[in-house]
């Protein structure tokens with residue numbers, strides 16, 4: 001049953017249309033990096049705050065996504081999503097099932113992050129889950145040899161240039177050094193080296209300041225991903241099963257504090273808990289770390305009960321077994337992806353982003369236009385039109401905007417139609433690429449379309465399916 005579920009999810013991400021908002025602006029930024037040879041340091045893509053500083057903490061994704069999207073089209077993102085999903089799963093299984101003294105214990109622990117928090121997508125936040133899984137696998141080895149030590153430092157260097165969650169790698173190495181009964185001195189040295197190499201990034205200490213700002217003191221406004229854990233809007237943790245399983249791990253960590261054997265691991269999990277409670281997006285990462293870190297404690301706890309004879313011994317797969325599984329995964333991927341590989345580029349765009357209609361209408365927007373488009377669609381518009389000088393009102397990057405503008409961009413639709421139009425005109429908006437009023441039949445017109453449809457000085461320039469382009473006539 002679990003194998004069928006995993007296969008269905010894996011195949012699903014290979015054939016699903018791209019619905020993520022972020023992959024497009026990451027690729028657009030990467031295209032600019034490849035053209036200029038420099039990372040972005042100012043907003044640039046928005047006409048509202050073009051000079052606002054921007055620290056692109058996931059900059060290393062940019063050139064890769066730009067090359068992949070330019071070479072293979074949107075299908076590239078399906079391959080990235082499937083690859084990251086499979087790799088994260090393999091790392092978690094290796095660190096839990098592959099190390100457990102009781103195979104059933106390893107399976108149960110692995111299922112929490114693999115099943116309850118699985119969300120295959122090419123979004124950097126989710127692809128980057130490979131990094132904590134890999135670091136936890138390395139850091140909590142029984143012994144840390146030279147090769148593993150070098151791998152830890154190298155992984156941290158890549159992490160610091162790939163995603164803003166990189167301080168977690170240093171925390172994992174420090175906790176593992178504290179918990180290790182042997183080679184503690186080497187582990188401490190590795191932790192210090194890993195911390196030092198995080199400064200080897202294009203932004204220097206500014207990257208660290210951004211991460212601290214987001215973690216503890218930033219004005220994050222209404223960004224859903226940074227909502228607290230009890231806010232059910234964030235899709236990753238909005239099920240009772242997910243929060244319940246994560247809560248069970250946390251309670252077990254608290255229970256583990258009673259004895260000294262695994263106290264360091266328990267403190268690690270409990271120390272990370274506030275981040276997951278305050279910022280829901282961190283919950284999947286906490287689930288991965290908790291599952292790997294608490295495995296020995298759970299193994300010991302089960303060994304002291306009457307369940308021990310029934311939960312099996314250790315499972316150490318041979319290289320042949322691993323090869324068979326890898327071949328099966330590759331075969332499933334080849335067959336599934338092969339069925340949709342010839343899908344036209346516009347058919348890969350999910351309707352939630354605008355689908356083929358948005359792609360066609362984007363070409364109707366003149367060069368150098370200041371365009372309003374929905375939050376989820378803005379990154380795609382940037383990929384399509386930024387080379388022509390088109391800039392957007394607000395987009396899902398969030399980072400390169402002031403706190404005041406983040407609040408404006410994310411809550412604009414909550415205002416009255418007159419207030420929406422007034423804000424757009426005050427900011428210098430000249431075009432709007434939005435869902436068409438024709439998409440709303442029996443219900444009252446709401447949102448950007450309803451506001452602009454009745455606004456003086458705005459008229460429909462082009463219409464395609466459920467989307468249209470509004471143009472603002474200059475005042476007399």
Candidate set from the range 10-63 (those that are touching a strand residue (DSSP E or B) at 6+ places or on another chain (Cβ under 7 Å) and not in a loop (DSSP other than H, G, I, E, B)); member that is surrounded by the fewest Cβ atoms within 10 Å (Cβ to Cβ):
42
I need the helices (runs of 4 or more DSSP H) fully contained in the range 68-180, keeping only those with at least 1 residues that are within 24 Å of residue 326 (Cβ to Cβ).
75-95, 103-116, 124-127, 130-139, 146-160
Residue in the range 81-88 that is without any contact (Cβ under 8 Å) to a residue 12 or more places away in the chain and either buried (at least 22 other Cβ atoms within 10 Å of the Cβ) or not assigned by TED's automatic domain parsing to the domain that holds residue 135 (or both) present
no
Counting only residues that are within 19 Å of the chain's Cα centre (by Cα) and more than 19 Å from residue 352 (Cα to Cα), which one in the range 367-400 is modelled with the highest pLDDT?
400
Across (1) modelled with pLDDT under 90; (2) assigned to a helix (DSSP H, G or I); (3) surrounded by fewer than 18 Cβ atoms within 10 Å (Cβ to Cβ), residue 474 clears everything bar (2)
Take residue 120 and decide whether it is in contact with a helix residue (DSSP H, G or I) (Cβ under 9 Å, 6 or more places away or on another chain) and modelled with pLDDT of 95 or more.
no
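The values are calculated or read from the model by the stated rules, or taken from the named source; none is laboratory data. Keep in mind that what you see is a predicted model, and the values were worked out from it rather than measured. Note that we place each Cβ from the backbone using ideal geometry, even for glycine, and neighbour counts take in every protein chain shown.
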